[in-house]
């Protein structure tokens, strides 16, 4: 039997989005097999402590000093983590997200380290390969990152870097003032140091996993890693595929309500369907750098449109039932999504998919209508409407237990 710790960016896991739900399902599957499993997340408000177990999994909050300088996000203290590892004695540390932790945590881990790449947060300070102006970045370089970060820091010293970077917000004020006083530079020294730290962190991992070939190819192209592909599981049971009743097509958006997901474009395209369909918007609305009040504005726009139901955040266990009431999932993200949990769940319930041309969505749903702009999104939605309410054969995915066994015999071995 092994001792395995999963490193996440926060707790409770359900609040950490698809990555948190995956970690929860995987951890509980490993625990049910008899392994000793823990989930560790950073805490800058108290000492290292253990919370009540969840599903046979130990829950630990590790004392992590607040990041008051940007440099702390890659070169912060790791002594509390090392002390915990010495006492808990893990055989493997499976690292999923380092927001709130310094990047140097991977080097400081005294056991086998497995890193699953759920997004781009290690090489990209903004996490999604998008600039402040929401344009796609081809990858981290000293010049490009300096140009990308300096204007944002000058215009908003308390920038949050989006929902994934909330834990790092206190680290940015010092750098913001320094940037504003010096003005734009070709390659800012702090940016150079962060890129070097990201390369060290990637090199320090014993095993790097990627759920999509698209993401793996990007990291290979940047010279950061050669990840192994790993197919992620469904994290919860889905409902059987049933034939829908006659009526207008019911579109569903179920993801974070942030600018990089393209929800604003979705609403404007839906408005052009002129009552021939319905649309449900479900998801939580975290803060997003440079776009204060984004979700509130969209909510007002949605309420002005006939046929739009804005349900907001819902408990994760209610998602399968919500999907069963709809006919097509729409996820028009403008960043290269890696392997969205919601797409796997929708294909398991037979829903047609309208997804982004970028990223790994097409690998999950080969029959998806893939779009890259508003015109293509509108055309795809009209195409689904013309097909009427229909279902596709349910796609099969590994269970958490099957996925756990695969990791035990490969990545953790």
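List of remarks:
- Filter result for residue 209 (in contact (Cβ under 8 Å) with a residue 40 or more places away in the chain, touching a strand residue (DSSP E or B) at 6+ places or on another chain (Cβ under 9 Å), buried (at least 17 other Cβ atoms within 10 Å of the Cβ) and within 28 Å of residue 385 (Cβ to Cβ)): no
- Taken over segment 400-413, the criterion of being surrounded by fewer than 15 Cβ atoms within 10 Å (Cβ to Cβ) and at pLDDT 95 or above is satisfied by 402, 409, 410.
- Hey, residue 274 assigned to a loop (DSSP other than H, G, I, E, B) and at positive phi or not: yes
- Checking each residue in segment 226-238 for being surrounded by 15 or more Cβ atoms within 10 Å (Cβ to Cβ) and within 18 Å of residue 320 (Cα to Cα) picks out 232, 233, 234, 235, 236, 238.
- Enumeration of residues in segment 212-250 that are closer than 30 Å to residue 381 by Cα, in contact with a strand residue (DSSP E or B) (Cβ under 7 Å, 6 or more places away or on another chain) and assigned to a loop (DSSP other than H, G, I, E, B): 248
- Any hit, segment 29-38, residues being modelled with pLDDT of 95 or more, under 14 Å from residue 100 (Cβ atoms), surrounded by 14 or more Cβ atoms within 10 Å (Cβ to Cβ) and in contact with a strand residue (DSSP E or B) (Cβ under 8 Å, 6 or more places away or on another chain): no
- For segment 236-254, the tally of residues that are at pLDDT below 95 and in contact with a helix residue (DSSP H, G or I) (Cβ under 6 Å, 6 or more places away or on another chain) stands at 2.
- From the options 47, 12, 42, 65, residue that is surrounded by 16 or more Cβ atoms within 10 Å (Cβ to Cβ) and touching a helix residue (DSSP H, G or I) at 6+ places or on another chain (Cβ under 9 Å): 42
- Condition check for residue 31: part of a helix (DSSP H, G or I) and over 23 Å from the mean Cα position of the chain (by Cα): yes
- The single residue among 171, 201 that is within 20 Å of residue 128 (Cα to Cα), touching a helix residue (DSSP H, G or I) at 6+ places or on another chain (Cβ under 6 Å), surrounded by 14 or more Cβ atoms within 10 Å (Cβ to Cβ) and modelled with pLDDT under 90 turns out to be 171.
- Among the residues making up segment 138-148, a single one is in a loop (DSSP other than H, G, I, E, B) and surrounded by 19 or more Cβ atoms within 10 Å (Cβ to Cβ): 140.
- If you go through segment 59-101 and keep only what is part of a strand (DSSP E or B) and closer than 25 Å to residue 22 by Cβ, you end up with 59, 60, 61, 62, 92, 93, 94, 95.
- Residue among 352, 356 that alone is modelled with pLDDT of 95 or more, buried (at least 20 other Cβ atoms within 10 Å of the Cβ) and over 20 Å from residue 389 (Cα atoms): 356
- Some residue of segment 298-321 being closer than 22 Å to residue 124 by Cβ, free of Cβ contacts under 8 Å to residues at least 40 places away in the same chain, in a loop (DSSP other than H, G, I, E, B) and within 20 Å of the chain's Cα centre (by Cα): no
The values are calculated or read from the model by the stated rules, or taken from the named source; none is laboratory data. Note that the structure is predicted; figures quoted are calculated from it, not measured. For neighbour counting, all protein chains shown are included, and Cβ atoms are generated from backbone atoms with ideal geometry for every residue, glycine included.
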